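Reviewing the structure listed below.
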Amino acid sequence: MTIFNDVLFSEEEARHGFLGVITLNKPQAYNALSHDMILHITQQLEHWSKNKRLLAVMIHSAFEKAFCAGGDIRSLYDAGKRGDSEALRAFFCDEYRMIHRINIYPKPWISFINGITMGGGVGISIHGRHRVATETLRFAMPECAIGFFPDVGGSYFLSRCPGELGTYLGLTGASINAADALYCGLIDHCITAENYTAVKMQLLDTDFSNAVDVNKVIADILKQHAIKTEESALAEKRELIDKHFQGNSVEAILRSLQQEPSPWCQELAVILQQKSPFSLKVTLAQLRRGKALSLDACLQMEYNIAQHFSVSKDFYEGVRAQIIDKDKTPHWQPAPLDAVRDDAVAVYFDSVATNELELS
């Protein structure tokens, strides 16, 4: 076993080769992805991609409470505060390149997702071929609460959720469980946490040498262990969500929620008014654009947006309020939703002149 800081890489013997296993092992920070972790994962993937004896790659967490709580926001905050724009650029470049590599990886990629899974944790899991969650999953994209936006391909996978569910998740940052994630198409199967070892052992003991379609064999194994989840709460709210989140402006969405007598809709209206107005408007714009784009095009778009957010006042104020001082009282600039101009939002989608993200 090779140890790289907070990530473990192992090669477990299988019947006709080996299974590459990536273990996120940073419990003190809920496996938040640092730049070093991203670089080490990418390097290991490059190494494994060239090995003909590799059957598949699995990624999982070393502990039950979280798969990955996102990127290391504190390090980005510190880099921005000291004016290190190169560190910010490099982090997003390398993170998005890693996601691209996971998406096109030549070997089957199996994500075992448990507990808290947010932001960057979503990026390193759901873009793989096989997405398996345990019943402990708590999925969320809460970036608008820190003056940022749902990146890591969020403009791709959120915009492809049924109806307006992705718009709802991206704007509100709502946390959902495995049943909801299945309903949204964000995961493929749910298994019990206790059954993870049995799934892995069956994968190790399976003879893939004569398999016409290795991915299908793996999918069949995962399906054998899948459990029936409870009914999705989002499915029950689908009609309301589609009705109120279909607007092409955040103002229209907010007005629609405020006019609905449902207490749940009224609560959502209050939640939206606590988020960064600028983040909300950029997020809605990215989701509407992302529906017609490939994942790579979405990552290119998000790279441009991230460069603008990395020098915005709201990002640093949001991180300060939520993570540094934890007073939960951010002072957004501008604070009123109607003060955020459409032309100012459009600038965030302008191509960055230098250091373009290159996906290959």
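Read the figures in this text as sums done on the coordinates, not as results from a lab. No experiment lies behind these values; they were computed from the predicted model shown. No Cβ is skipped: glycine too gets one built from the backbone with ideal geometry, and neighbour counts run over all protein chains shown.
For the stretch 250-305, which trypsin sites (Lys or Arg not before Pro) are in a loop by DSSP, counting at most 15 other Cβ atoms within 10 Å? Passing both the DSSP loop test and the Cβ count: Lys291. For the stretch 173-233, GluC sites (Glu not before Pro) meeting the loop criterion (DSSP other than H, G, I, E, B) and having at most 14 other Cβ atoms within 10 Å: Glu230, Glu231. Comparing Pro162, Pro261, Pro108 in a Gaussian network model of the chain where C-alpha atoms under 10 Å apart are linked, the largest mean-square fluctuation is found at Pro261.
Pairs exceeding a 30 Å alpha-carbon distance, out of Lys26/Lys237; Lys50/Lys291; Lys81/Lys243; Lys81/Lys281: Lys26/Lys237; Lys50/Lys291; Lys81/Lys243. Dividing the summed helix terms, -39500 (n - 2.57) for each DSSP H run of n ≥ 4, by the number of residues in the chain produces a 222 nm estimate of -13000 deg cm²/dmol to the nearest 500. Length gained on full extension, Asn195 to Lys52, computed as 0.36 nm times the residue gap minus the Cα-Cα distance: 48.6 nm. Centre-to-centre separation between the Cα atoms of the stretch 56-120 and those of the stretch 219-270: 26 Å. Computed from backbone phi with θ = phi - 60° and the Karplus coefficients 6.51, -1.76 and 1.60, the 3J(HN,Hα) list for the stretch 56-66 is 6, 10, 10, 10, 7, 9, 7, 9, 7, 6, 8 Hz; x is used for glycine and proline. One compactness figure for the chain is 0.99, namely its Cα radius of gyration divided by 2.2 N^0.38 Å. Out of the trypsin sites (Lys or Arg not before Pro) in the stretch 72-143, which ones are loop residues according to DSSP with at most 11 other C-beta atoms within 10 Å? When the trypsin sites (Lys or Arg not before Pro) of the stretch 72-143 are filtered for loop state and at most 11 Cβ neighbours within 10 Å, Arg82 remain. For the chain, a crude dipole built from +1 on the beta carbon of Lys and Arg and -1 on the beta carbon of Asp and Glu, taken about the Cα centre, is about 220 debye to the nearest 20.
Put in order of Cβ neighbour count within 10 Å, fewest first, the listed residues Val212, Val352, Val311, Val57 become Val212, Val311, Val352, Val57. Most tightly packed first, judged by the mean number of other beta-carbon atoms within 10 Å of their residues, the peptides 341-347, 187-193 read 187-193, 341-347.
Helix 295-309 axis versus longest C-alpha principal axis of the chain: approximately 50°, rounded to the nearest ten. With contacts defined as alpha carbon pairs under 8 Å and 6 or more residues apart, what's the relative contact order of the stretch 117-159 in percent? Reported relative contact order: 48 percent. DSSP assigns beta bridges within the stretch 2-347; of those with both partners inside it, close to 35 percent run antiparallel. Among 171-177, 237-243, sorting by the average number of other beta carbon atoms lying within 10 angstrom of each residue, highest first, gives 171-177, 237-243. Here Lys328 is the anchor, and the lysines within straight C-alpha reach of less than 18 Å, apart from those fewer than 8 places off in the same chain, are Lys275, Lys313. Residues whose amide H lies under 5 Å from that of Ile113, counting only those 5 or more places away or on a different chain, are Val132, Ala133, Thr134; hydrogens are built 1.01 Å from N in the peptide plane.
Between 0 and 90 degrees, the angle of helix 277-290 with respect to the longest Cα principal axis of the chain falls at about 50 degrees. Between the residues Leu268, Val282, Cys184, the greatest Cα displacement towards the positive end of the dipole of the chain, with unit charges on the Cβ of Lys, Arg, Asp and Glu, is found for Cys184. Gain on full extension, evaluated as 0.36 nm per residue between Asn5 and Ala211 minus their Cα-Cα distance, stands at 70.5 nm. Computed over the chain, relative contact order equals 16 percent, with contacts defined as Cα pairs under 8 Å that lie 6+ residues apart.
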